[in-house]
Amino acid sequence: MFNFFKKKEKQELHEMTAAADGRVIPMSEASDAVFSSCALGNGIVICPTGNMVVAPADGKVTATMDKSNHAVGMELEGGIEILIHIGVDTVSLKGEGFESFIKPGDEVKAGTELIRFDRESMEAKGYCMEVMQIVTEDGAASKIEYSTGMEAKAGQTVVARW
């Protein structure tokens with residue numbers, strides 16, 4: 001009856017930073033139709049200016065692409081599952097130009113270096129090197145607020161809150 005006297009549980013705020021340096025745009029503007037349609041999930045796209053992908057928050061590495069090193073799956077603190085995908089059609093490079101520093105099961109802190117990639121060489125070969133940060137969970141994803149339209153610093157600029 002007198003619920004206003006009860007203490008409200010404090011909701012914990014979680015943040016995800018940019019996984020790479022560069023310009024942040026909405027997922028709907030990704031160059032690849034699979035990503036822009038949000039078929040894999042919503043998130044943000046980074047048009048990278050550097051060559052490094054870092055952990056966007058504290059979490060656990062859940063998947064790596066051993067042969068190609070072009071993507072990594074993570075479970076972030078706060079229960080959000082994400083996929084960080086580097087480039088469009090870069091799986092066809094079979095790992096050439098990618099160097100991974102992580103393996104499944106690794107616990108990482110925000111800013112930990114995950115994958116280095118040779119952006120300039122890949123762009124010279126005609127690859128689109130957008131870095132997609134995709135939230136792959138449907139339920140929790142609806143509560144996420146994304147920030148786009150800015151230049152981001154990897155591991156520092158907040159691009160999502162929930």
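The values are calculated or read from the model by the stated rules, or taken from the named source; none is laboratory data. What you are looking at is a predicted structure, and each value in this text was computed from that prediction instead of being measured. Heads up, the Cβs are rebuilt from the backbone with ideal geometry, glycines too, and the neighbour counts pull from every protein chain shown. These area figures cover heavy atoms from the full protein model, side chains too; ligands, DNA and RNA do not enter into them. Shrake-Rupley method; radii C 1.70, N 1.55, O 1.52, S 1.80 Å.
Some points to look at:
- Elements of type strands (runs of 3 or more DSSP E) in region 117-162, at least 1 residues being more than 13 Å from the chain's Cα centre (by Cα) and over 16 Å from LEU76 (Cβ atoms): 150-152
- Residue check for GLU81: modelled with pLDDT under 95, closer than 18 Å to MET16 by Cα, open to solvent by 20 Å² or more (accessible area, probe 1.4 Å) and touching an Asp or Glu at 6+ places or on another chain (Cβ under 8 Å): no
This table checks each residue for (1) closer than 22 Å to ALA152 by Cβ; (2) basic (Lys, Arg).
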| position | (1), (2) |
| --- | --- |
| ALA18 | yes, no |
| ASP21 | yes, no |
| SER28 | yes, no |
| LEU40 | yes, no |
| ALA63 | no, no |
| ILE86 | yes, no |
| PHE98 | yes, no |
| LYS109 | yes, yes |
| PHE117 | yes, no |
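- Enumeration of residues in region 26-68 that are open to solvent by less than 30 Å² (accessible area, probe 1.4 Å) and free of Cβ contacts under 8 Å to residues at least 60 places away in the same chain: ALA57, GLY59, VAL61, THR64, SER68
- Among (1) surrounded by 14 or more Cβ atoms within 10 Å (Cβ to Cβ); (2) of a type outside the set (Phe, Trp, Tyr); (3) part of a loop (DSSP other than H, G, I, E, B), the one test that MET74 misses: (3)
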